[in-house]
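Trainee: Below are the structure tokens for one structure; questions will follow.
The values are calculated or read from the model by the stated rules, or taken from the named source; none is laboratory data. Note that this is a predicted model, so its numbers are computed, not measured. Cβ coordinates were reconstructed from backbone atoms using ideal geometry, including for glycine residues, and neighbour counts include every protein chain displayed. Surface accessibility is based on the protein's heavy atoms, side chains included, excluding ligands, DNA and RNA. Shrake-Rupley method; radii C 1.70, N 1.55, O 1.52, S 1.80 Å.
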Amino acid sequence: MMQEAVIQVRNVHKSFKTVHAVRGINLEILSGQFVALLGPNGAGKTTMVEMIEGIQKPDSGEILITGKQWKGHEKEFRRIIGLSLQETRFIDKLSVFETLRLFASFFSLGPQRCEEVMNLVGLEEKRQSYVVNLSGGQRQKLALGVALLNEPKILLLDEPTTGLDPQARREVWMILNKLKEASSTSLILTTHYMEEAEQLCDYIVIIDHGKILKEGTLKDLLGKSSADIEKKQEYHGPPRNLDELFIELTGRHLNE
Amino acid sequence: MNKLRNSQLWQLILANARELLREPAVLFWGIGFPILMSIGLGAAFTKKKDVTVTIAVIGHNHLLHSQQDSVSVIRTFLLKNKAVLIIGKDGTISRELNVPDEKLGGTTYIFRELNWNTAMTMLKRGNLNLVIDENQGHLRYNFDPMNPDAQLIYLKFSKLMNDPDLIIRPSETEIQPLTVTGTRYIDFLIPGLVCMGVMMSCMWGVSYDIIEKRSKKLLRRMVATPMKRSNFLVALITVRISMNFVESGLLVLFAWLVFHITIQGSIPALLLFFISGNAAFAGIAVFLSCNTSKTEIGNGLINLVSMPMMVLSGIFFSYHNFPAWSIPAIQKFPLTMMADGVRSIFIEGAGFAEIIVPSVIMLTIGVIFFTAGLKIFKWH
Ligand SMILES: Nc1ncnc2c1ncn2[C@@H]1O[C@H](COP(=O)(O)OP(=O)(O)OP(=O)(O)O)[C@@H](O)[C@H]1O
Ligand SMILES: [Mg+2]
């Protein structure tokens, strides 16, 4: 059976005054697929994701959600998309539960769903705490919870674990892995962390300077790349992980 | 009921109200500050306080008893009135005379013996306004006729000197001090403070709030949901205007209890007018905040708009002190319009007939700015 593509990105370009942030990206994300956009600072990840989210408009190219354009379907898409932005600060003096309640109301959802989400992201103990008093990790979890409120068909997370300690990061991964087992949600997440892409995603897209350098499953990526590199460089054996692959592709470290 | 509680408009209103009420500073600036201001200014200008004036007396012999041979009108006057002799540690000689006055406030005169040069120096520094020198029973008053304080002291003191019985309470019958409710400074001030409060509250509560939420990327996050954009603004404005009702109500209540101010005109008209004024400033506030995500710029814009109105619109003193040509322009400011209208209801007993035109104008101002702001509103 042919799987339905929930997101299609065709030859999308986007420039700001002096920066050509996205230069001709093509993507196709299937239902239930988890995709990582991996790239260093300034690669164009946020710009790309925000165009898919309908927050920014591409200069050229086409973005289709469930086969349809953003134009004219905004209302419909907003109901099926859940997202977290790279940096959002919620209202300082609202509690965790009140914040969830506020966002739930936008989807016409009641308090019951808020309870569920609070348990899902493990913030029950912080129910009454004001957002301003949460730790960085707890805020990220709240942002994730808000993204999950409407049981989105499409989930878009921009650096959901940046700045978290390894323990908190693993907790977020667990939440997302559970989601993967339990639903057919499609996920695009951006990250600097190889490990995150390896752990969570079945398809990995490496971008830099607004272009896709390489894409495929983890296995594909680690298997194929050696052949390209052999010609240019001395052969060191195939890269054993994404970090090495990235250095081979760009000559730079990902986290620099 | 559950449906209402889950509705986005209700949840937005709740969120805004919580945000507001949980910020103690907001309550202070909204409620405490106007009341403190009314106490300070009201007390300073409403009840005439006792004043102390210093009068320089040139030359020797006028303040001390001993010189019997020479004639001195001032000495006779001071002795007869039992002015208290005070000799300072540094040898300065002065006499103090207190003239009580229930209605206009008492005056304490301090007569200081000085030579001409010292007297002039003190005059230039503003330490005294009147210099008397006496020559054989002939009194000469030296003062700057352009200085109203000096004129006043001269008039008061010369009246006292010319009174055959010397101290009797002056003006027992002739002066009727106007402290009737409605003509005092506090009656002028309170409606002005109410209007200024509304303006500031809309500027900071609506404008600044929107800009801050935009800079936190919260606006962007919210419009990435099915939230209706109008609901966001309606909730913010609703909470702010409700808060303004509470703040203004408390201020008026306070002024009624402490200064016995009353509302002479129609209260329903006042409510309508108050809502129109709020609408005008809420509209302006949305317009101001529609495009920037920098709180510093927001700060500047708010000051740019509110400062001139605070100074020119006759909040603390009547704008009729400004040049005549500028008055028609001043009267077109929303704050002037609101303050004039609220004052006319409070003090002059105005009703719907008097305020309906400015009410409609202010509502229109609000709608125009709101619509224009919404057209260019940056959500991202
Ligand atoms: N609003 C904007 N105006 C001007 N330039 C922008 C804007 N947004 C992004 N850019 C530029 O576009 C390029 C891509 O930015 P983007 O935020 O998409 O990178 P990113 O991959 O998300 O980086 P990071 O990992 O640091 O989040 C950068 O060079 C950035 O400076
Ligand atoms: Mg980014």
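Trainee: Can you tell me which condition B:Ala15 does not meet? The list is (1) modelled with pLDDT of 85 or more; (2) open to solvent by 70 Å² or more (accessible area, probe 1.4 Å), and all the others hold.
Mentor: (2) is the only condition that B:Ala15 fails.
Trainee: Of the numbered conditions (1) among the hydroxyl-bearing types (Ser, Thr, Tyr); (2) open to solvent by less than 10 Å² (accessible area, probe 1.4 Å); (3) more than 9 Å from chain B (Cβ to nearest Cβ), A:Ser129 fails exactly one; give the number of that condition.
Mentor: In the conditions (1) among the hydroxyl-bearing types (Ser, Thr, Tyr); (2) open to solvent by less than 10 Å² (accessible area, probe 1.4 Å); (3) more than 9 Å from chain B (Cβ to nearest Cβ), A:Ser129 misses (2) alone.
Trainee: State all residues of the range B:23-44 that are within 11 Å of chain A (Cβ to nearest Cβ) and either of a type in the set (Asp, Glu) or crowded, with 16+ Cβ neighbours inside 10 Å (or both); if no residue qualifies, say none. Reasoning before the result, please.
Mentor: At the first step, the residues of the range B:23-44 found to be within 11 Å of chain A (Cβ to nearest Cβ) are B:23-24, B:26.
Those that are within 11 Å of chain A (Cβ to nearest Cβ) and either of a type in the set (Asp, Glu) or crowded, with 16+ Cβ neighbours inside 10 Å (or both): B:Glu23, B:Val26.
Trainee: Kindly check whether there is at least one residue in the range A:155-176 that is away from ligand 1 (no atom under 16 Å from the Cβ), surrounded by 14 or more Cβ atoms within 10 Å (Cβ to Cβ) and assigned to a loop (DSSP other than H, G, I, E, B).
Mentor: Checked the range A:155-176: no residue is away from ligand 1 (no atom under 16 Å from the Cβ), surrounded by 14 or more Cβ atoms within 10 Å (Cβ to Cβ) and assigned to a loop (DSSP other than H, G, I, E, B).
Trainee: Same structure again: Can we say B:Lys217 is within 14 Å of chain A (Cβ to nearest Cβ) and open to solvent by 30 Å² or more (accessible area, probe 1.4 Å)? I'd like the intermediate steps shown before the answer.
Mentor: Details: within 14 Å of chain A (Cβ to nearest Cβ): yes; open to solvent by 30 Å² or more (accessible area, probe 1.4 Å): yes.
Spelling it out, B:Lys217 is indeed within 14 Å of chain A (Cβ to nearest Cβ) and open to solvent by 30 Å² or more (accessible area, probe 1.4 Å).
Trainee: Please name all residue pairs, on different chains or six or more residues apart, with Cβ atoms under 8 Å, provided the first residue is in the range B:242-271 and is part of a helix (DSSP H, G or I) and the second residue is among the basic types (Lys, Arg).
Mentor: B:Phe259/B:Arg184
Trainee: Check the range B:322-335 and report whether any residue there is touching an Asp or Glu at 6+ places or on another chain (Cβ under 9 Å), more than 30 Å from B:Lys213 (Cα to Cα), open to solvent by 50 Å² or more (accessible area, probe 1.4 Å) and not small (Gly, Ala, Ser).
Mentor: yes
For (1) within 14 Å of another protein chain (Cβ to nearest Cβ); (2) at negative phi; (3) within 16 Å of ligand 2 (Cβ to nearest atom); (4) not acidic (Asp, Glu), each residue gets a yes or a no:
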| site | (1), (2), (3), (4) |
| --- | --- |
| A:Val19 | no, yes, yes, yes |
| A:Asn26 | no, yes, no, yes |
| A:Leu30 | no, yes, no, yes |
| A:Pro40 | no, yes, yes, yes |
| A:Lys45 | no, yes, yes, yes |
| A:Val49 | yes, yes, yes, yes |
| A:Glu53 | yes, yes, yes, no |
| A:Glu62 | no, yes, no, no |
| A:Ile65 | yes, yes, no, yes |
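Trainee: Do you know which residues across the range A:177-195 are surrounded by 21 or more Cβ atoms within 10 Å (Cβ to Cβ) and modelled with pLDDT of 90 or more?
Mentor: Residues satisfying the conditions are A:Thr185, A:Ser186, A:Leu187, A:Ile188, A:Leu189, A:Thr190, A:Thr191.
Trainee: Let me ask something else. Could you count how many residues in the range A:101-149 are aliphatic (A, V, I, L, M), assigned to a helix (DSSP H, G or I) and more than 18 Å from B:Lys3 (Cα to Cα)? Don't jump to the end; show me each part of the working.
Mentor: Residues of the range A:101-149 aliphatic (A, V, I, L, M): A:102, A:104, A:109, A:117-118, A:120-121, A:123, A:131-132, A:134, A:142-144, A:146-149.
Among the residues that remain, those that are also assigned to a helix (DSSP H, G or I) are: A:102, A:104, A:117-118, A:120, A:131-132, A:142-144, A:146-148.
Of the ones still in play, those that are also more than 18 Å from B:Lys3 (Cα to Cα) are A:117-118, A:120, A:131-132, A:142-144, A:146-148.
Number satisfying all stated conditions: 11.
Trainee: Additional query: Residues to consider are A:Glu115, A:Glu159; find the one that is free of Cβ contacts under 8 Å to residues at least 40 places away in the same chain and among the acidic types (Asp, Glu). Before the answer, list the steps.
Mentor: On the way: A:Glu159 fails: free of Cβ contacts under 8 Å to residues at least 40 places away in the same chain.
Every option except A:Glu115 fails the conditions.
Trainee: For the range A:132-149, enumerate the residues that are farther than 24 Å from B:Met227 by Cα and within 13 Å of chain B (Cβ to nearest Cβ).
Mentor: Step one: filter the range A:132-149 for residues farther than 24 Å from B:Met227 by Cα, giving A:133-138.
Matches in the range A:132-149: A:Asn133 only.
Trainee: What number of residues within the range B:286-314 satisfy the criterion of being crowded, with 21+ Cβ neighbours inside 10 Å and over 24 Å from the mean Cα position of the chain (by Cα)?
Mentor: Result for the range B:286-314: 6.
Trainee: On to the next question. Step by step: first the residues of the range A:44-100, then only those that are within 16 Å of ligand 1 (Cβ to nearest atom), in a loop (DSSP other than H, G, I, E, B) and open to solvent by 40 Å² or more (accessible area, probe 1.4 Å), then the one that is farthest from B:Arg5 (Cα to Cα). Which residue is that?
Mentor: Per the stated criteria, the residue is A:Asp59.
Trainee: Which of the following residues is closer than 15 Å to B:Met196 by Cα and among the β-branched types (Val, Ile, Thr): B:Ile267, B:Ile302, B:Ile263?
Mentor: Numbers: B:Ile267 fails: closer than 15 Å to B:Met196 by Cα; B:Ile263 fails: closer than 15 Å to B:Met196 by Cα.
Exactly one of B:Ile267, B:Ile302, B:Ile263 is closer than 15 Å to B:Met196 by Cα and among the β-branched types (Val, Ile, Thr), namely B:Ile302.
Trainee: Please determine, by comparing only the residues of the range A:10-41 that are touching a residue at least 60 places away in the same chain (Cβ under 8 Å) and within 7 Å of ligand 1 (Cβ to nearest atom), which one is surrounded by the fewest Cβ atoms within 10 Å (Cβ to Cβ).
Mentor: A:Asn41
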